[in-house]
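What follows draws every value from the coordinates through simple rules; no lab data is involved. All values reported here derive from a predicted model rather than from experimental measurement. Cβ: placed from backbone, ideal geometry, glycine included. Neighbour counts: every protein chain shown.
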Amino acid sequence: MDRCVVLVDAGYLLGAAASLLAGEPARSRVTVDHTALIASLRERAEEETGLPLLRIYWFDAAPERRPLPEHRRLRVLPRVTVRLGALTRAEGRWVQKGVDAAMHAELSELARNRACADVVLVTGDGDLLPGMMSAKEHGVAVHLWALQAADGDFNQSEDLVGEADERRVLDREWITRSVSLREPAQVFPPAGPPPEIAKILAAPPAAPRPAAVEPAEPSTEPPSQPLKPVPTPKDLAGRTTAPPAAPVPAPAASANGPVLRWSSDRGYVDRPSEQPTAGDTLPTLAQLTTAEQRWADREEDITAIGGDPHEVGQVFARRWTDRIGEPPRLTVLWADYPRVPHRIDGELLRYAARFGLLAHKDDQIDEHDRYAIRAGFWKELAQRVPGGDRVVVDD
């Protein structure tokens, strides 16, 4: 058949893109516009081969082979078929299993059935060499595409390069049309004392006041007592005191010396768990969402939401604000900013996990992503709830 087919190893393509843009192959460092990426692959394949596209096969891995939101978005695009391998833990890191075998089987089947005249392979793994040789024996022209390597060298198997009929390199300009570097969001001000306190701490120490030889007037105040040094726990452990004859009542302080009290650097906070804050009494998004809205939300998540952590937080806040119906009612949140109410925060992170933010991160959302999700949440609320512009500062 006079058609072309594109087989994409997503792990290679997106990992090489992350290396090129971020300096490391972590896919979480980049944001992908999958619709634009598929359109670019189709346009380039039809231009290179001179044939209409039959289909793009997207090979990737997922935990327990369950499709992630990005895979669900890809599956609904025209002329795209998603094939998933397994994503498993090995020696403390995530590795994909079955992707190369699936690509080999698909390539051999397409060539054997003469379903296409040209095949474009976007991969760098030498394990696909037997499949490439089999396709050539069936009269299929094999085009091998590489992504520009971060160090200027090749990032593909030498045997694979030597066996291909045609080879092209996708440069930085091409990949940045649909893949961008995920910039770290500056969510909260850096830890440290407020400016007024910092100014005081930075001031030079005052010069010691000279002692007066003879006071001008006799002082009527009682003489001050010398300060007692506060003992350390080690000092107290070395003391040997006789046990009291009678139980000492619990009042104020001990007559034998100072009493040590331990506290955090934030001081003592009296907030009993049985007395929730005003924000904790607000209804959750699930309580405000009907079955019809839940279906529409899932459709929007699959087809329109890109999965960027900041965007995910904004989408959640937008839906919550719209459905609570009374934006002024949410002004109680500003008293606890930047703390998100516990129930809402848990629901927010569970919603974010649907966008693949758990993948490749030891089964939990990365700290940077959690900050970005909450920053998007607060930014959207600040634009919708009265008084938010005075609390949430967008850096």
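Take the Cα coordinates of region 278-390, assign each an equal point scatterer, and use the Debye formula without solvent to give log10 I(q)/I(0) at q = 0.10, 0.12 Å⁻¹.
Ignoring solvent entirely, the Cα scatterers give -0.27, -0.40.
Convert each backbone phi in region 304-316 into a coupling constant with the Karplus relation 6.51 cos²θ - 1.76 cosθ + 1.60 (shift: θ = phi - 60°), then list the ³J(HN,Hα) values in order as whole Hz, x for Gly and Pro.
10, 8, x, x, 5, x, 5, 5, 4, x, 5, 4, 4
Please list, in order along region 112-120, the HN-Hα scalar couplings obtained from phi with the Karplus expression 6.51 cos²θ - 1.76 cosθ + 1.60 (θ = phi - 60°), rounded to whole Hz, x for Gly and Pro.
Using θ = phi - 60°, the values come out as 5, 8, 6, 7, 8, 9, 10, 10, 9 Hz.
Given 0.36 nm per residue, what is the gain on full extension from Ala86 to Arg390 after removing their alpha carbon distance, in nm?
Details: separation 304, 0.36 × 304 = 109.44 nm, distance 4.75 nm.
Taking Ala86 through Arg390 to full extension adds about 104.7 nm, to one decimal.
Roughly how many nanometres apart are two label points built 7 Å out from the Cα toward the Cβ at Glu326 and Arg3?
Result: 5.8 nm between the two label points.
What percent do you get for the relative contact order of region 278-390 when only Cα pairs under 8 Å and 6+ apart count? Present the calculation step by step, with values, prior to reporting the outcome.
Numbers: 105 pairs, mean separation 46.7, N = 113.
Taking the mean separation of contacting Cα pairs over the length of region 278-390, I get 41 percent.
For Val120, list long-range residues whose amide hydrogen, built 1.01 Å from N in the peptide plane, is under 5 Å from its own amide hydrogen.
For Val120, whose amide H was placed from the backbone, the distant partners under 5 Å are Val5, Val6, Leu7, His143.
Testing the spin-label approximation: label points 7 Å from Cα along Cα→Cβ at His138 and Asp165. State their distance in nm.
So the two model labels end up 1.3 nm from each other.
Report the label-to-label distance for Asn113 and Glu173 in nanometres (one decimal), using points 7 Å from each Cα along the Cα→Cβ vector.
In this crude spin-label approximation the distance works out to 3.9 nm.
According to the square roots a ≥ b ≥ c of the eigenvalues of the Cα gyration tensor, what is the shape class of region 297-352, taking rounded for a/c under 1.5, prolate for a/b larger than b/c otherwise, and oblate for the remainder? Numbers along the way, then the final one.
Values: a/c = 2.38, a/b = 1.60, b/c = 1.49.
It comes out prolate by the Cα gyration axes.
Of all DSSP beta bridges in region 4-181, what percent run antiparallel (nearest 5)?
Working: 8 of 36 bridges.
Given both bridge residues lie in region 4-181, the antiparallel proportion sits at roughly 20 percent.
Give a residue-ordered list of calculated ³J(HN,Hα) values for region 132-137 (Karplus: 6.51 cos²θ - 1.76 cosθ + 1.60, θ = phi - 60°; whole Hz; x for Gly, Pro).
Each residue's phi maps through the Karplus curve to give 5, 5, 5, 5, 5, 5 Hz.
Starting from the Kirkwood Rh over alpha-carbon pairs, what translational D in µm² s⁻¹ does region 92-177 have by Stokes-Einstein at 37 °C and 0.692 mPa s? Each step should come with its number before you reach the end.
Numbers: Rh = 13.8 Å.
D, rounded to a whole number, is 238 µm²/s.
Hey, how much of the P(r) for region 1-131 falls beyond 27 Å, as a percent of Cα pairs?
That fraction is 17 percent.
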